[in-house]
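**Q** I have a structure I would like to understand better, so I am pasting it below and will then ask my questions one at a time.
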Amino acid sequence: MKIVSPFLKKVVYPALSTAGVFHRTSARGLAIVTYHGVLPEGYEPVDSAIDGNLIAAEMLGRQLRLLKAHYNVISPEDALAWREGQRELPPRAVLLTCDDGLLNCLTDMLPVLQREKVSCLFFVTGASTEEWRTMLWYEELFLLLLRAPAGPFEISSEGILIQGDAGSREQRRALWWNSVKRLSQVDSGARTSFLHSARMQLAGDGKREFERNLVSCRRFGLLTRNELQELASAGMTIGAHTLSHPMLSQLPPELAYGEISESRTRLESVFAKPVWALAYPFGDPQSVNSQALAMAEQAGFQAAFLNFGGGLGTALPPYALPRAHITARMSLAEFEAHVSGFYARLQRAAGGDAHRVATTQGQASQ
Ligand SMILES: [Zn+2]
């Protein structure tokens, strides 16, 4: 059961936040939050399905100031030292993470992190070890499906058939999510070729979104190798997010292992230092199975992160670390409800189990 109640959001969270109840918690452990970047100024969100994970720079600043006032934001290195048993966590410890490695991590998010003097663990894909810019395949697919003419929809390429109804926004979102699952079943080469065919068929001028203008580039473009090095040089820590961001649960095991293991190898060759952390792509219970957890350990990572179930006081299995997924819709009070573990405790009280992988239903996240 997922609790999303207007009463909680509008009444309970603000009242508890204002009264300071959330941060009076004595809960020990580590709250890990997941960001997905910052919306560049001038960008008009297209759809919450893909834009809802990015937040405004101003809200990021407010969240960080709240954390600094009432919690202890630890560095990724401190989190590793804790994982290795070399350091105790301070009370109300919080670790910042950010997935995907969009260009706005460098251009829009880093300045806020630097101003607030905190560091963050950035999870990037194999695309950010290359010298040329690309974009996330599932974001491009969403934008292409939005452009598809209304009515029955069908694309066939590389032996992959995607068909459905491209009518209402809801139908297009459902078609997209089914397509994400289907395209996760093939290797990244076949997926790239499929996307190329779809772009030729649907995009008109054949341009990808990040090629349209500077704002689109900051929203959709992925960091290149030089930009990733710039982020690391600014004191940020880099972790792996697989080579090509598939739903690991959909891939044959040998391809899934290659996605996990080679992403580490490639990043280590760029930085010439160990990459110890992995974030599972999408990170929801449908995308991550127990096999993926075992693969993360086998590939030599010290820690691997989910994208649900986070908050202080939650259990912290090293290869299924829960994280609080921060979205654009959250008020500051709701943000603190997640970080403090209040939301997770409420879920548990309602009979949900935030830590089970592959058996629970979760909201799609990236
Ligand atoms: Zn991701």
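The values are calculated or read from the model by the stated rules, or taken from the named source; none is laboratory data. Remember, predicted model here, so these are calculated numbers, not experimental data. Quick reminder, even Gly has a Cβ in these numbers, built from the backbone with ideal geometry, and neighbours come from all protein chains shown. Side chains included, ligands, DNA and RNA excluded: accessible areas come from the protein's heavy atoms. Shrake-Rupley method; radii C 1.70, N 1.55, O 1.52, S 1.80 Å.
**Q** When only C-alpha pairs under 8 Å and at least 6 residues apart count, what is the relative contact order of the chain, in percent?
**A** Values: 688 pairs, mean separation 83.6, N = 366.
Over the chain, the number comes to 23 percent.
**Q** Okay, moving on. Tell me whether the range 187-231 comes out rounded, prolate or oblate; compute the Cα gyration tensor, take square roots of the eigenvalues as a ≥ b ≥ c, and use a/c under 1.5 as the rounded threshold. Before the final figure, lay out each step's value.
**A** On the way: a/c = 4.12, a/b = 1.44, b/c = 2.87.
It is oblate, given that a/c is not under 1.5 and a/b is not larger than b/c.
**Q** Over the range 139-242, what relative contact order in percent results from Cα pairs under 8 Å that are six or more residues apart?
**A** Working: 83 pairs, mean separation 22.9, N = 104.
Once divided by the residue count of the range 139-242, the mean separation gives 22 percent.
**Q** So if each residue of separation counts as 0.36 nm, and I subtract the Cα-Cα distance between R329 and K10, what length gain in nm does that give? Could you put the intermediate results ahead of the total?
**A** Working: separation 319, 0.36 × 319 = 114.84 nm, distance 1.23 nm.
Extending this stretch completely gives an extra 113.6 nm.
**Q** Go through S75, S168 and list them by solvent-accessible area, largest first, probe radius 1.4 Å.
**A** Values: S75 30, S168 50 Å².
Ranked list, largest accessible area first: S168, S75.
**Q** Taking 8 Å as the Cα distance limit and 6 or more residues as the minimum spacing, I'd like the relative contact order of the range 65-174 as a percentage.
**A** About 18 percent, as a whole number.
**Q** At a probe radius of 1.4 Å, what is the per-residue accessible area of T134, in Å² to the nearest 10?
**A** About 30 Å², rounded to the nearest 10.
**Q** Would you look at the GNM of the chain, springs on alpha carbons closer than 10 Å, and say which of E88, E297, E130 moves the most?
**A** E88
**Q** Using only C-alpha atoms and all pairs of different ones, pull out the Kirkwood radius for the range 17-92 in Å with one decimal.
**A** Values: mean 1/r = 0.0673 Å⁻¹.
Kirkwood radius, the range 17-92: 14.9 Å.
**Q** Rank these by accessible area, largest first, 1.4 Å probe: T314, T107.
**A** Descending order: T107, T314.
**Q** Quick check: the distance between the Cα centres of the range 185-226 and the range 44-88, to the nearest angstrom?
**A** A separation of 28 Å, based on Cα centres.
**Q** Okay, moving on. How much net charge surrounds L89 when only other residues with a Cβ under 12 Å from its Cβ are counted (Lys, Arg +1; Asp, Glu -1)? Walk me through the numbers before you get to the answer.
**A** Values: positive: R28, R83, R87, R92; negative: D78, E88.
Charge balance near L89 sits at +2.
**Q** Based on the alpha-carbon gyration tensor of the range 212-264 and its eigenvalue square roots a ≥ b ≥ c, which shape applies: rounded if a/c is under 1.5, prolate if not and a/b is larger than b/c, or oblate? Each step should come with its number before you reach the end.
**A** Values: a/c = 3.50, a/b = 1.56, b/c = 2.24.
Note, shape of the range 212-264 comes out oblate.
**Q** Loop-only check: which trypsin sites (Lys or Arg not before Pro) in the range 1-84 are DSSP coil with at most 14 other Cβ within 10 angstrom?
**A** On the way: sites: K2, K9, K10, R24, R28, R62, R65, K68, R83; in loops: K2, R28.
Listed in order of number, the matching sites are K2, R28.
**Q** Out of all Cα-Cα pairs in the range 207-366, roughly what percent, to the nearest whole number, are more than 22 Å apart? Don't jump to the answer; show the numbers that get you there.
**A** Numbers: 6345 of 12720 pairs.
Percentage above 22 Å: 50.
**Q** For every other residue with a beta carbon closer than 9 angstrom to the beta carbon of T242, add +1 if it is Lys or Arg and -1 if Asp or Glu, then tell me the sum. Could the numbers behind the result be given before it?
**A** Details: positive: none; negative: E259, E262.
Once positives and negatives cancel, what remains is -2.
**Q** How big is Rg to Rh over the range 81-188, alpha-carbon atoms, Rh as the Kirkwood inverse-mean-distance radius? Intermediate results must be reported in sequence, preceding the final value.
**A** On the way: Rg = 19.8 Å, Rh = 17.5 Å.
Rg/Rh for the range 81-188 comes to 1.13.
**Q** According to the Cα gyration tensor, what semi-axes, each the square root of 5 times an eigenvalue, does the equivalent ellipsoid of the chain have, listed from largest to smallest in whole Å? All intermediate terms of the calculation are to be shown ahead of the outcome.
**A** Details: eigenvalues 196, 108, 86 Å².
After diagonalising the Cα gyration tensor, the semi-axes are 31, 23, 21 Å.
**Q** Using all alpha carbons of the range 1-159, what is the percent of pairwise distances in each 10 Å bin, ordered from the shortest bin to the longest?
**A** 8, 28, 32, 21, 8, 3
**Q** Divide by every residue of the chain the summed helix terms, -39500 (n - 2.57) for each DSSP H run of at least 4, and state the resulting mean residue ellipticity at 222 nm, rounded to the nearest 500 deg cm²/dmol. Can you show the working numbers first?
**A** Details: 14 runs with 139 residues, N = 366.
About -11000 deg cm²/dmol.
**Q** Can you give the local net charge around M295? Use residues other than it whose beta-carbon is closer than 12 angstrom to its beta-carbon, Lys and Arg +1, Asp and Glu -1.
**A** Details: positive: R264; negative: E254, E259, E262, E297.
Here the charged neighbours net out to -3.
**Q** Roughly how many whole Å is it from the C-alpha centroid of the range 138-160 to that of the range 237-276?
**A** Using only Cα atoms to place each centre, the spacing works out to 27 Å.
**Q** Aspartates and glutamates near K117 by alpha-carbon distance under 19 Å, same-chain residues fewer than 8 away left out - which ones?
**A** Counting by Cα, and skipping residues close in sequence, K117 has these aspartates and glutamates nearby: E58, E77, D78, D108, E230.
**Q** Next up: Choose one answer from Q286, Q163, Q302: the residue with the largest mean-square fluctuation in a GNM of the chain with alpha-carbon springs under 10 Å.
**A** Judging by the Gaussian network model, the answer is Q163.
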